Every structure is written in structure tokens, then in C-alpha cells.
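The values are calculated or read from the model by the stated rules, or taken from the named source; none is laboratory data. A quick note: this is a predicted structure, and the numbers were derived from the prediction, not measured. The protein model used for the area step is the full one, side chains on, heavy atoms only, and it has no ligands, DNA or RNA in it. Shrake-Rupley method; radii C 1.70, N 1.55, O 1.52, S 1.80 Å.
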Amino acid sequence: MNIEQIKETITTVYDYPINGIVFRDITTLLENPDAFRSTVKIMVDKVAHLDFNKVVGIESRGFFWSAPLAYATKAGFVLARKPDKLPRETAFREFTLEYGNTSVHIHKDAIQPGDKVLIVDDLIATGGTALATAEICEELGATAIHTIALIDLPALGGSKKIAEKYGEVITLIDY
Ligand code: AMP
């Protein structure tokens, strides 16, 4: 499948989880084996030119893309999780979502000084989640930070904000 065909497998849900949000539901993409495999393959191709040794997957919809990307690129896989999910000491950032406040946490020993990371999520809206994740990676000593997301909502300006601070943001599908 090409990117246009993959886009057609994503379902749009209006007013979820709150009024006014146009939610891009990728579960229907994941259920389609051709779409799932094609998306991972395109993502792997798009990061081929980047230098990284760890993939940082953002909970939870980022995990579907980050784990296969880490496997395919022979990188380590690091979890960026919501509060109270990781059992050991974490570095964390609080931030504002398109809908509500939350924080993102990474085990302190998951990133070592000098690591080069690829941050992966399903969708960049305001960019708050990916930026918070990038800031934690930086605090823990990462020397290069790359970002890929399946979907970008460019009107919300998140990908631009991340690109200004950390360089190229790779996305496949815009809405
Ligand atoms: P943000 O931090 O504003 O860039 O929001 C990105 C995170 O929120 C991602 O992990 C997405 O899964 C989720 N998200 C935000 N807006 C949407 C949306 N319109 N549709 C689906 N997921 C969204």
C-alpha cells in the first residue's frame, strides 16, 4: 500500500474524547495487515538516513510503530510512559495535551550520555508530548534527537515547534 491507501484505512471520529476534537483512530489501520506492514516498511525507509542507537516509543499508540522500528533498525527500545507505569526512578516532564494535562516519564537509566535517539509517536498535534519526551532525552544526555510520527496535524504547529528545536520531524500523513 502507498501512503494515500494507508490514509484511507484510518478512521475519523468527531468529538472524541471531548467535543471539538477530530480524533484520528489508527486501530482500523492496525487491523488491516497490508496497511500495518506497509506503514512500518515506509517508516523504516524514512529513518534509514538517520544515526540513532535507541528508539523511544511514546505510550500507547506510539508503541505500535516504535517496537517494530527498533527491531528493524537493530536499536534499543525505550518506553516513554504515562505517570505511575514505570517501576523504577524516572525523569519526567509535565505538559499540556490537546485535551488536558499529563506527564511523560522515562527510566533514568534508559538513556545514557551520548545516546542518539529516535522518538516515535502515532500523531503530533500541539507537539507537547514529543517535546516533553525530547527534553527528557536531552536531560539524560542524548546528543541527537530525531522524531517520526505517522500523522501530523500541521495547523496545530507542533511539528514546526519540534523541528525548530530539534531538527527534522518526519511524518507520513497530514490532516
Ligand atoms: P500533542 O502532545 O498535542 O502533540 O498530542 C499528541 C498525542 O495525543 C499523541 O500521542 C496522540 O496519540 C494524541 N492525540 C492528540 N490529538 C489527537 C487526535 N486528534 N487524534 C488522535 N490522537 C490524538
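In the chain, the DSSP beta bridges split such that about 35 percent are antiparallel, to the nearest 5.
Determine one quarter of the surface area of the Cα convex hull of the stretch 79-175, which equals its mean projected area, and express it in nm² to one decimal. Could the numbers behind the result be given before it?
Details: hull surface 23.0 nm².
Approximately 5.7 nm², given one-decimal rounding.
At 1.4 Å probe size, with the rest of the protein present, what percent of the exposed accessible area of the stretch 1-55 is carbon and sulfur atoms? Show your work: numbers first, answer last.
On the way: 1720 of 3300 Å².
Solvent-exposed carbon and sulfur of the stretch 1-55 make up 52 percent of the total.
When THR9, THR27 are compared by accessible surface with a 1.4 Å probe, the order from highest to lowest is THR27, THR9.
Per residue, how large is the accessible surface of the stretch 50-174? Use a 1.4 angstrom probe and give square angstrom. Heavy-atom accessible area per residue stands at 44 Å². Taking all protein chains as they are arranged and a probe of 1.4 Å, the heavy atoms of PHE92 leave approximately 100 Å² accessible to solvent.
Output the relative contact order of the stretch 23-175, whole-number percent, from Cα pairs under 8 angstrom with separation of 6+ residues. Worked out over the stretch 23-175, it gives 20 percent. For ILE170, the residues 5 or more places off, or on other chains, whose built amide H falls under 5 Å of its own are THR147, ILE148, ALA149. Derived scalar couplings between HN and Hα for the stretch 156-164 equal 7, x, x, 5, 5, 4, 5, 4, 4 Hz in order, rounded to whole Hz, by the Karplus curve 6.51 cos²θ - 1.76 cosθ + 1.60 (θ = phi - 60°), x for Gly and Pro.
What number, rounded to the nearest 500 deg cm²/dmol, is the helix-based mean residue ellipticity at 222 nm of the chain, given -39500 (n - 2.57) per DSSP H run of at least four residues and division by all its residues? Numbers along the way, then the final one.
On the way: 6 runs with 56 residues, N = 175.
When only DSSP H runs of four or more count, the value is -9000 deg cm²/dmol.
Compute a Gaussian network model of the chain, connecting alpha carbons closer than 10 Å, and tell me which residue from LYS85, LYS41, LYS161 fluctuates the most. Of LYS85, LYS41, LYS161, the most mobile in the Gaussian network model is LYS85.
Test of understanding: express the Cα radius of gyration of the chain as a ratio to 2.2 N^0.38 Å, with N the residue count.
This ratio for the chain stands at 0.98.
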